[in-house]
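Undergrad: The structure that follows is given in the form of structure tokens.
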Amino acid sequence: MDTTLQNRLGDIVGAGNVLADAADVKPYFTDWRKQYTAPAQCVVRPASTAEVSRVVALCAGEDIAVVPQGGNTGLSGGSVPTGARREIVLSLSRVNRIRGIDPLNDTITVEAGCVLAAVQRAADDAGRFFPLSLAAEGSCQIGGNLSTNAGGVNVLRYGMARDQVLGLEVVLPDGQVWGGLRGLRKDNTGYDLKQLFLGAEGTLGVITAAVLRLHPKPTASATAWIALDNPRGAVELLAALRERLGERLSAFELISRACLEAVLSHVKDLQDPLSAPHPWYVLAELADSGAAAALRESVEQALADGAERGALRDAVLAQSLTQARTLWRIRESIPEAQFTNVKHDVSVPVSKTPELIERVQAALEKAFPGAQPYVFGHVGDGNLHYNIGPASLLERRAEVNRIVYDAVSSLGGSISAEHGLGQLKRDEVLRHKSAVEIELMRRLKRALDPKGLMNPGKVV
């Protein structure tokens, strides 16, 4: 590394927060899935927006690219360097203060390096609820969640990460700071600039803080594990439960038998929630502000009626918070239980999810006899993680991807529902967006980042 550059960066953030030794930088240069790894000049760890601004301005002046990084839990290679040019990794982990909570406005203002679980706890301590929830919440950071427009299990009721944001603070590619930390629900004074940076994966600027929406804390919850014949039955059950229970339904997760068996093999202290195996399951979560007994009674009756109609095979309702957490632990263990296979994060209209599963299964059986799909995800919002083993298919990833992505496109879907494009799908998206869409994205990139210094090689 250029010692002059290292010294100049050290003058901004402190010499101990410029990492250049191989052992120190290794975790920052490799993504969570270990698909992408490349060197950079160094890792810089600022502690404030002012320091981020000065680092970015210095890099702009020296024509050095900046790779913003949060918890580095992304799944598309968007938070690590490409090695194609001079780059630094800008770790936001020390920019991690909770700046304030306004319970009467139902908002919390947090810095980008706050771990998602810490934001959830701060909201809970204030008697409020922050609904963004995903498996990596103990290590992912809110800046990364917003820059990738993370989804998670509560999208059905509360929406994606962008739906939780009222205001942003962003360091622009030249080092200027846009101070848009407004806690307003109505602001019709021109373009909604915050939306430019939400889901942009750090390619237009560095999110350093956000004003997030909070919600009333539910006083009752119910968690059900439901056995079904097929995915079509899951979609029909979703419609029936929403009609009957309304907005109480916050999560509705589809899980195949193959996924459950992978988890039971991987996590030895977990058990099958039901006494007999079934081909498909749904994990449903409901929450309300009323009495717990009333909610449980409503859910029990809805499930009993569904069983009587033949809409479900079997079901178990968690009898305690511990049992509910155990059921969710099954769902959260799925990604690690089938870590090495060809993974997809796709979405289609909710009504089309059964057709997607059927089409891909048929095409896979024809092209790759013996292929094993591991299908799970947020069927309540049409987002499926359609993963395919065995590991030997990784060598034919492009062919497998083509089968899945062509089926998704034919049903009017998206090849990335919540994980972003990063490096993984940057080229593939060119097949699925119109030339006009791609050119609009590129114009926006050139307008805000004319030197192409912000997270190069990602998205566009």
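The values are calculated or read from the model by the stated rules, or taken from the named source; none is laboratory data. As the structure is a computational prediction, the values presented were derived from the model and not from experiment. FYI the Cβ positions are ideal-geometry reconstructions off the backbone, even for glycines, and counts take in every protein chain you see.
Undergrad: Search region 47-81 for residues being hydrophobic (A, V, I, L, M, F, W, C) and part of a loop (DSSP other than H, G, I, E, B), and hand back the single one that is nearest to ALA15 (Cα to Cα).
TA: Filtering region 47-81 down to residues hydrophobic (A, V, I, L, M, F, W, C) leaves 47, 50, 52, 55-60, 64-67, 75, 80.
Add one more test, that the residue is part of a loop (DSSP other than H, G, I, E, B), and what stays is 47, 64, 75, 80.
Numbers: ALA47: 13, ILE64: 19, LEU75: 31, VAL80: 22 Å.
Here the residue is ALA47.
Undergrad: Check off (1) buried (at least 21 other Cβ atoms within 10 Å of the Cβ); (2) farther than 27 Å from ASN72 by Cα; (3) in contact with a strand residue (DSSP E or B) (Cβ under 7 Å, 6 or more places away or on another chain) for ALA407 and give me the number that stays unchecked.
TA: (3)
Undergrad: Given the criteria among the hydrophobic types (A, V, I, L, M, F, W, C), farther than 29 Å from GLY152 by Cα, in contact with a Lys or Arg (Cβ under 8 Å, 6 or more places away or on another chain) and modelled with pLDDT of 95 or more, does VAL13 qualify? Break it down stepwise before answering.
TA: Numbers: among the hydrophobic types (A, V, I, L, M, F, W, C): yes; farther than 29 Å from GLY152 by Cα: yes; in contact with a Lys or Arg (Cβ under 8 Å, 6 or more places away or on another chain): yes; modelled with pLDDT of 95 or more: yes.
Yes: the conditions hold for VAL13.
Undergrad: Just to verify a result, which residue in region 82-128, among those that are part of a loop (DSSP other than H, G, I, E, B) and in contact with a Ser or Thr (Cβ under 9 Å, 6 or more places away or on another chain), is farthest from ALA40 (Cα to Cα)? Let's see the steps before the verdict.
TA: Quick first cut of region 82-128, residues part of a loop (DSSP other than H, G, I, E, B) only: 82-86, 92-97, 103-106, 112-114, 126-127.
In the following step, the residues that additionally are in contact with a Ser or Thr (Cβ under 9 Å, 6 or more places away or on another chain) were identified as 83, 92, 94-95, 97, 112-113.
Working: GLY83: 6, LEU92: 16, ARG94: 20, VAL95: 21, ARG97: 27, ALA112: 22, GLY113: 21 Å.
It comes out as ARG97.
Undergrad: Same structure again: May I ask you to list the residues in region 32-56 that are at pLDDT 95 or above and charged (D, E, K, R)?
TA: Selection gives ARG45, GLU51, ARG54.
Undergrad: Right, ASP2: modelled with pLDDT under 95 and surrounded by fewer than 18 Cβ atoms within 10 Å (Cβ to Cβ) or not? Reasoning before the result, please.
TA: Values: modelled with pLDDT under 95: yes; surrounded by fewer than 18 Cβ atoms within 10 Å (Cβ to Cβ): yes.
Here the answer is yes, as ASP2 does meet what is asked.
Undergrad: Tally up the residues in region 1-46 that are among the basic types (Lys, Arg), in a loop (DSSP other than H, G, I, E, B) and under 15 Å from LEU90 (Cβ atoms), please. Explain how you work it out, then say what you get.
TA: The initial filter retains those residues of region 1-46 that are among the basic types (Lys, Arg), namely 8, 26, 33-34, 45.
Keeping just the survivors that are in a loop (DSSP other than H, G, I, E, B) gives 33-34, 45.
Adding the requirement that they be under 15 Å from LEU90 (Cβ atoms) leaves 45.
Within region 1-46, residues that are among the basic types (Lys, Arg), in a loop (DSSP other than H, G, I, E, B) and under 15 Å from LEU90 (Cβ atoms) number 1.
Undergrad: Which count do you get for residues in region 336-363 that are surrounded by fewer than 21 Cβ atoms within 10 Å (Cβ to Cβ) and part of a helix (DSSP H, G or I)?
TA: The qualifying residues number 12.
Undergrad: With respect to ARG162, determine if the residue is among the basic types (Lys, Arg) and either over 18 Å from HIS419 (Cα atoms) or at pLDDT below 95 (or both). Walk me through how you get there before you give the answer.
TA: Values: among the basic types (Lys, Arg): yes; either over 18 Å from HIS419 (Cα atoms) or at pLDDT below 95 (or both): no.
No: the conditions fail for ARG162.
Undergrad: Now for a different question. Confirm whether THR3 is free of Cβ contacts under 8 Å to residues at least 40 places away in the same chain and farther than 24 Å from TRP178 by Cβ. Explain how you work it out, then say what you get.
TA: Working: free of Cβ contacts under 8 Å to residues at least 40 places away in the same chain: yes; farther than 24 Å from TRP178 by Cβ: yes.
Here the answer is yes, as THR3 does meet what is asked.
Undergrad: Another question about this same structure. Identify all residues within region 401-421 that are in contact with a Ser or Thr (Cβ under 8 Å, 6 or more places away or on another chain) and not in a helix (DSSP H, G or I); write none if there are none.
TA: GLY413, SER414, ILE415, SER416, ALA417, GLU418, HIS419, GLY420, LEU421
Undergrad: Report, by residue number, each residue of region 156-214 that is within 30 Å of GLY246 (Cα to Cα), of a type outside the set (D, E, K, R), touching a residue at least 60 places away in the same chain (Cβ under 8 Å) and assigned to a helix (DSSP H, G or I).
TA: LEU156, TYR158
Undergrad: Another one. May I ask you to say which residue of ASN383, ASN401 is closer than 19 Å to ALA251 by Cβ, outside the structural domain of ALA234 (by TED's automatic domain parsing) and in contact (Cβ under 8 Å) with a residue 12 or more places away in the chain? Walk me through how you get there before you give the answer.
TA: On the way: ASN401 fails: closer than 19 Å to ALA251 by Cβ.
Every option except ASN383 fails the conditions.
Undergrad: Would you pick out the residues in region 227-279 that are of a type in the set (Gly, Ala, Ser) and either part of a strand (DSSP E or B) or not assigned by TED's automatic domain parsing to the domain that holds LEU327 (or both)?
TA: ALA227, SER250, ALA251, SER256
Undergrad: Would you pick out the residues in region 289-330 that are in a loop (DSSP other than H, G, I, E, B) and of a type in the set (A, V, I, L, M)?
TA: Going through region 289-330, the residues in a loop (DSSP other than H, G, I, E, B) turn out to be 289-291, 310-313, 318-320.
Once the filter is applied, which keeps residues that are in a loop (DSSP other than H, G, I, E, B) and of a type in the set (A, V, I, L, M), region 289-330 yields ALA291, ALA311, LEU312, ALA318.
Undergrad: Restricting the search to region 73-94, which residues are closer than 19 Å to LEU421 by Cα, free of Cβ contacts under 8 Å to residues at least 60 places away in the same chain and either surrounded by fewer than 22 Cβ atoms within 10 Å (Cβ to Cβ) or among the acidic types (Asp, Glu) (or both)?
TA: The one that is closer than 19 Å to LEU421 by Cα, free of Cβ contacts under 8 Å to residues at least 60 places away in the same chain and either surrounded by fewer than 22 Cβ atoms within 10 Å (Cβ to Cβ) or among the acidic types (Asp, Glu) (or both): GLY83.
Conditions tested, residue by residue: (1) without any contact (Cβ under 8 Å) to a residue 60 or more places away in the chain; (2) surrounded by 17 or more Cβ atoms within 10 Å (Cβ to Cβ).
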residue: ALA294; (1), (2): no, no
residue: GLU297; (1), (2): yes, no
residue: ALA302; (1), (2): no, yes
residue: GLY306; (1), (2): no, yes
residue: ARG325; (1), (2): yes, no
residue: TRP328; (1), (2): no, yes
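Undergrad: When region 422-460 is examined, which residues are found to be at pLDDT 95 or above, among the aliphatic types (A, V, I, L, M) and assigned to a loop (DSSP other than H, G, I, E, B)?
TA: Result: LEU453, VAL459.
Undergrad: Next up: Only one residue in ALA40, ALA65 is within 28 Å of the chain's Cα centre (by Cα), without any contact (Cβ under 8 Å) to a residue 60 or more places away in the chain and buried (at least 19 other Cβ atoms within 10 Å of the Cβ), so which one is that?
TA: Values: ALA65 fails: without any contact (Cβ under 8 Å) to a residue 60 or more places away in the chain.
After applying the criteria, what remains is ALA40.
Undergrad: Quick one: would you say GLY382 is within 17 Å of the chain's Cα centre (by Cα) and farther than 20 Å from GLY77 by Cβ?
TA: Details: within 17 Å of the chain's Cα centre (by Cα): yes; farther than 20 Å from GLY77 by Cβ: yes.
Taking the combined requirement at face value, the residue satisfies it.
Undergrad: In region 98-128, how many residues are over 13 Å from the mean Cα position of the chain (by Cα) and within 26 Å of PHE376 (Cα to Cα)?
TA: First, pick out the residues of region 98-128 that are over 13 Å from the mean Cα position of the chain (by Cα): 98-115, 117-128.
Checking which are within 26 Å of PHE376 (Cα to Cα) leaves us with 115, 117, 120.
Of the residues in that region, 3 qualify.
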